[in-house]
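Remarks on the structure that follows.
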Amino acid sequence: MDITQFPSWQRLNSLACRMQGRHLRELFAEDPARAARFSVELPEFLFDFSKNLIDDEVFVNLLQLARDADLEGWRDAMLSGAPINCTEGRPVLHAALRGGLPQPVVLDGDSVDAQAAAELGRLKEFVNLLHNGAVTGCTGRRITDVVNLGVGGSHLGPAMAIEALRAYRRDDVRVHFVSNVDGAQLADTLATLDVETTLFVVSSKTFTTTETVTNARSALRWFGDLAPRAELLRQHFVAVTAKPERAIEFGMAPQRIFRFWDWVGGRFSLWSAIGLPIAIAVGFDNFRALLDGAASMDRHFRETPLEGNAPVLMALVSLWYCTFMGYPAHAILPYEQALHMLPAYLQQAEMESNGKSTTRAGEEADYATGPLIWGMLGINGQHAFYQYLHQSPEVVPADFIGSATPGHALPGHHEILLANMLAQSQALMNGVGREQVETELAAKGLAVDEIEKLAPYKVHRGNRPSNTILLRKLDPHSLGALIALYEHKIFAQGVILQIYSFDQWGVELGKGLAAALQPKLTSGDASGQDASTAGLINYYQRVTAGAAALEFAG
Ligand code: F6P
């Protein structure tokens, strides 16, 4: 049944009008137990969602909406291996990679858990050999630098996790990432490396992504005539892919191919062999702890009733804003240097999943399905875009993410950092009223007419909602739990809003057009293009032809 037809949906629509007129200050004043009631404490973190524009009635109806959408049924279907990614005819089983399924799943006669465990065993063996110096380049020198060539899910997850776990990094091997087909990134990276001690990890689920394959070809050329092609590929390259046959076609040595499967979405793949750079950077045991942390969140998601289920609550709050209250964006604001890539990672995870407008019934959704996700390190954002968060007419709900334990030993810093995080969510919630502004200006000795002029600019309406996730400590286990929290949130939101979260057809159109336009740029033949594109091709031709003529003349 169409989700918009349920009484809970209709009730939430009218409650949204009512809540527009409420202020978070009042909600807290009315209910001293609010913070305790609207927070969930897990072994890894405290999730405080009390600073949201919800009251009991909204909460009850949001939970009812989740039940009307049969969220629990969809969750169980996903975790039992049902093909819930219907447009691609696939199950969604990234939880299997970390031991997060309630019972074994068999697909086409193969045990998913056994496949995952076997590949993880191969990964462990390779990582340990590399750390022991037994993985060498073709001149016999040990590998000291690993370059991941991959984009999207084959880049962001591992890169984000390695940054997040910087305190756990080994110092005998460095991991680099090249995602961009702009040769500048690869050239800059190669300039710092030694051909004899470098290993490339070509990470691509499909093994057809132009950016990655182009970078892999250029990386291979970088070795020049150090050794024959097959030997270079055997000693200096590994592949991670769900299409091993394509990697073999490229020339990859079969024993250097780590695989994952169609039932792992690219943006949910860091738990698979795509996580190889993580295990290389922080050691296999820490990678295992990351998986275990995610598995503990899987358990929480499967077993906890909806009213205390952190990812479900996050999803409900998120859809409350984007779908009912009309707030189209959501900011991710980590107050932990190591989590600086989390906003970029979540952009892909959430927006590629829920940025859709066709419902499961194949109809146009006439409601918003997910917010625009953006953000950066909160402390830097304070000196950049927080002005907008505090005083723009637009309301942007936010997630504040911090850690109670510092990841360094410098005294004094951490309290300043956390005080800023708490202050910002408090300021966004409470704001400052006209009366208070006037009193403060008067106390500073301003004349009445000066106060009158200045006061409007200093008023903050407040009433800007946020979640706070305060980790006990950022470590491999809690990072796993945090990422899985968001993964399940994304899934729950998609289920309730009746969209398919695990496909990404919207990224295909541009890929096809780029392939068609590439020869046009070379030939300069802009026929058949729209006037804007033709103009840009012509300009490119003029500039490059001019540069070529100059070079010839010189
Ligand atoms: O273009 C989007 C996308 O398909 C993502 O979903 C994926 O993570 C990324 O490209 C990379 O794809 P692949 O791992 O197949 O190279």
field: Subset of the stretch 355-389 that is under 20 Å from S466 (Cα atoms) and within 16 Å of the ligand (Cβ to nearest atom) - its residue that is least open to solvent (accessible area, probe 1.4 Å)
entry: I373
task: May I ask you to verify whether T522 is open to solvent by 10 Å² or more (accessible area, probe 1.4 Å), outside any helix (DSSP H, G or I) and of a type in the set (V, I, T)?
output: no
- request: Tell me which residues, restricted to the stretch 432-479, are open to solvent by less than 20 Å² (accessible area, probe 1.4 Å) and under 18 Å from N52 (Cβ atoms).
  value: G462, R464, P465, S466, N467, T468, I469
query: Name the residues in the stretch 484-509 that are of a type in the set (S, T, N, Q), open to solvent by less than 10 Å² (accessible area, probe 1.4 Å) and within 16 Å of the ligand (Cβ to nearest atom), would you?
result: S501
- request: From F177, F200, grab the single residue that is within 16 Å of the ligand (Cβ to nearest atom), open to solvent by 30 Å² or more (accessible area, probe 1.4 Å) and under 25 Å from G133 (Cα atoms).
  value: F177
message: Suppose we filter T241, T189 for residues that are within 14 Å of the ligand (Cβ to nearest atom) and either at pLDDT 95 or above or within 23 Å of the chain's Cα centre (by Cα) (or both); which single one remains?
response: T241
message: Checking the condition surrounded by 14 or more Cβ atoms within 10 Å (Cβ to Cβ) and on the phi > 0 side of the Ramachandran plot, which residue from G140, G152 passes?
response: G152
query: Can we say S478 is more than 16 Å from the ligand (Cβ to nearest atom), assigned by TED's automatic domain parsing to the domain that holds D55 and hydroxyl-bearing (S, T, Y)?
result: yes
query: Out of the residues in the stretch 244-260 that are within 16 Å of the ligand (Cβ to nearest atom) and under 19 Å from P277 (Cα atoms), which is most open to solvent (accessible area, probe 1.4 Å)?
result: R259
statement: Of A69, A116, A35, A29, the only residue that is buried (at least 17 other Cβ atoms within 10 Å of the Cβ) and over 16 Å from P311 (Cα atoms) is A116
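The values are calculated or read from the model by the stated rules, or taken from the named source; none is laboratory data. Keep in mind that what you see is a predicted model, and the values were worked out from it rather than measured. Positions of Cβ are backbone-derived with ideal geometry, glycine not excepted, and every protein chain shown enters the neighbour counts. Heavy atoms of the whole protein, side chains included, go into the accessibility calculation; ligands, DNA and RNA do not. Shrake-Rupley method; radii C 1.70, N 1.55, O 1.52, S 1.80 Å.
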